[in-house]
Structures are given as C-alpha cells and as structure tokens.
Amino acid sequence: MSNKHDIETYAKLAEGAAFYLTESFTYIHSCFNSELRNMIFGQLIEKIDPTKEDEELVKKSSEFVSDNIIENLKSKEIKFLTEQTIQSFKDAWKKSQIYSQKNNHKFNKNHQMTSIEILGHLNNFGFFIETLTNRHLLYLYQSGKINDFSYARISISKIMERLIFIFKEEIANNKLHLNEISNLFSLRNKIVHYTPDNSIALKPKISELFQIWEQSKKLIECFEKTEEIDDEIFSKSLNAHIQQIKKTWL
C-alpha cells in the first residue's frame, strides 16, 4: 500500500490543508463582518417609525394571518409595511453594509455567531484537521508504526476514532485532550446534516471557537513533533490566524 504514495502525496495533502485553513479563516472574518453589519442594521431600523398607513396595513393584514405557517407563507394578502417604509429598511440595510466595512468593533467572547458564513468556517476547519490527520496516519504507516491491517481499518474510520487511535497513550496519560476537537466535528455534523433543528441550534460562541482553535494548535504540534517534515509549520500558521482574529475583532 505504501508504494502508492510518495513525496508528492505529502505535498498534495499539505496543499489541501493549507487551502482549507485559509478558506476557514476567510469565512470567519466574513462572519464577524456580517455579525457587525446585522448589529448596525438592528440599530438603524429601531429609528424607523411606522407610519399611519403601516398601522392600517397591520390591522388589515391581521385578518388574513392564520395559525397555519404554510398558508401564511403563500398568502398574497398579508402585507405589514408600505412601500415607503420598505424603502427605509432597504436604505438602512445599505448603510449597515457600508458602516460595517468602515467601523471597528470589538466583540465580547460570549457573542454567539449566527451569520451564515459560520458554515464555511466550521466545514473548512474540520477538513483542515481531517486532512492533517490523514497525512499523519500515512506517515505512521510508512514509518512502520502501523501495520497493513490496522492502517486499512483505521484510515476509513470516523475522524475521532482515528485521533483516539493515534493518541491513545497521550490521552491515557492526560497529556492531550480532544474534547474541543470532538466539539468541532459535532458542530460540523450539524452543517453536514443541515436540518431545520440544526439550522437553529448552530450558533457557537466566540469563546467556543477559540477553544477549538487552541486545542487544534496543540494537536497539530503533536503531529509536527513526530513527523519533523520539512514543509509548512501548520501550528504556526494557525496561530497567526488566531492572533489576527484577536487583533481585528476582540
């Protein structure tokens, strides 16, 4: 099996990991920007006063509101705002987009990330960790630390099973923890299975993301200590991204 993979395989996996890492933090910066935009939009629309015409529309439309959600979605009779007020909302949305690009804002770590871009971050960051795990397994196999049978089985198992197999001694001796990594893949599972319930439940706190990133950095450092491969040091790359988030948004 080892003959199928040479130095080029390691290079391709490193290239893939670098891509996923960059994409994941591109998305999280977009997510922070969207969170700020939504906050500004909320502040702007609070200043929009409904007109008498709006109030009359509410009274009229309330007659057509049903307990049946599908009927309400399809109804052409329900209209709560005049065109004038709708335009005011549109103007507020445009302003919020402009202001969010120009204004600095420092988020509290308890803030929950609800913007859709969180899907891109968690998905790509999960791929980043999984790609490096796959490369490490190949390294262990080609180094003779895993036999054919074990590699064939473990390389197709679930990601957490792969990590527990690799670090069983470190985990047993309390030298490495994987609870935040497990949380990462639990969150990513909500993305893979983006059900109505999961779409509501997926709102990680900023502090939760930092815990995932910091534990991931320690995990990658363990990979690098064993491998000593002369290529990108991913733990340092990840740390640089973490520091940039702190500098920009916290």
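Report, in listed order, any pair from Lys109/Lys205; Lys145/Lys217; Lys106/Lys247; Lys145/Lys218; Lys158/Lys203 with a Cα-Cα distance greater than 18 Å.
Lys145/Lys217; Lys145/Lys218; Lys158/Lys203
Net charge around Glu170, counting only other residues with Cβ within less than 12 Å of its Cβ (Lys, Arg = +1; Asp, Glu = -1)?
Within the 12 Å Cβ shell, the charges total +2.
What number comes out for accessible area per residue over region 84-226 if the probe is 1.4 Å? Units Å², please.
With all protein chains present, region 84-226 gives 55 Å² per residue.
So what are the chain's ellipsoid semi-axes, whole angstrom, largest first, if each one is the square root of 5 times an eigenvalue of the alpha-carbon gyration tensor?
48, 21, 15
Residues of region 100-143 with the amide nitrogen closer than 11 Å to a label point 7 Å from the Cα of His5, along Cα-to-Cβ, please.
From region 100-143, the list is 131-143.
Relative to a virtual label point 7 Å from the Cα of Thr22 in the Cα→beta-carbon direction, which members of region 225-250 show backbone nitrogen distances below 15 Å?
Taking a point 7 Å out along Cα→Cβ of Thr22, the residues of region 225-250 whose backbone N falls under 15 Å are 232-234, 237-238, 241.
How high is the relative contact order of the chain, in percent, with contacts defined as C-alpha pairs under 8 Å that are six or more residues apart?
Result for the chain is 27 percent.
Over the chain, what percent of the accessible surface lies on carbon and sulfur atoms, probe 1.4 Å?
51
With the crude spin-label approximation of a point 7 Å out along Cα→Cβ, what separation in nm comes out for Ile164 versus Ser30?
In this crude spin-label approximation the distance works out to 3.5 nm.
Placing unit charges on C-beta atoms (Lys and Arg positive, Asp and Glu negative, everything else neutral), compute the dipole magnitude of the chain about its Cα centre in debye, rounded to 20.
Dipole about the Cα centre, nearest 20: 360 debye.
Tell me the volume per residue, in Å³, of the convex hull enclosing the alpha carbons of region 170-250.
125
The values are calculated or read from the model by the stated rules, or taken from the named source; none is laboratory data. Not measured: the values here are computed from a predicted model. Cβ atoms come from the backbone with ideal geometry, glycine included; neighbour counts cover every protein chain shown. We work out accessible area using only protein heavy atoms, side chains counted, and drop any ligands, DNA or RNA first. Shrake-Rupley method; radii C 1.70, N 1.55, O 1.52, S 1.80 Å.
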